[in-house]
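Inspection log for the structure reproduced underneath, given as structure tokens.
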Amino acid sequence: MTAVYLDQIASLARQACAQRELTKAYLSRIGALIREAREQRDLSHAELASALGTDPGEVVRIERGGQDVSPELLERLGPALGAGSGQRER
């Protein structure tokens, strides 16, 4: 299931890059997908932030659509959410 979220996030990011900006609508949708994937894995904001190498406040802002998401952070999402690791999903 996490792979589905990551595919949707990647698709939205590609669309946004094609338009050369992350609009509020894209940021909100990407944030919602990240939150859903995090919750699916039963991770706290602090746990995801630690796996991403950032702080929990940034994760909260991203999930709310209030902060840009760098391409580097998007690349770290798959491993941080355990995609392909066989980690049990909720």
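The values are calculated or read from the model by the stated rules, or taken from the named source; none is laboratory data. All figures in this text were calculated on a predicted structure; none of them were measured in a lab.
Structural remarks
- Residue in the range 46-64 that is more than 11 Å from the chain's Cα centre (by Cα), at pLDDT 90 or above, assigned to a loop (DSSP other than H, G, I, E, B) and of a type in the set (A, V, I, L, M, F, W, C) present: no
- Within the range 12-38, being in a helix (DSSP H, G or I) and at pLDDT below 80 holds for 12, 13, 14, 15, 16, 17, 18.
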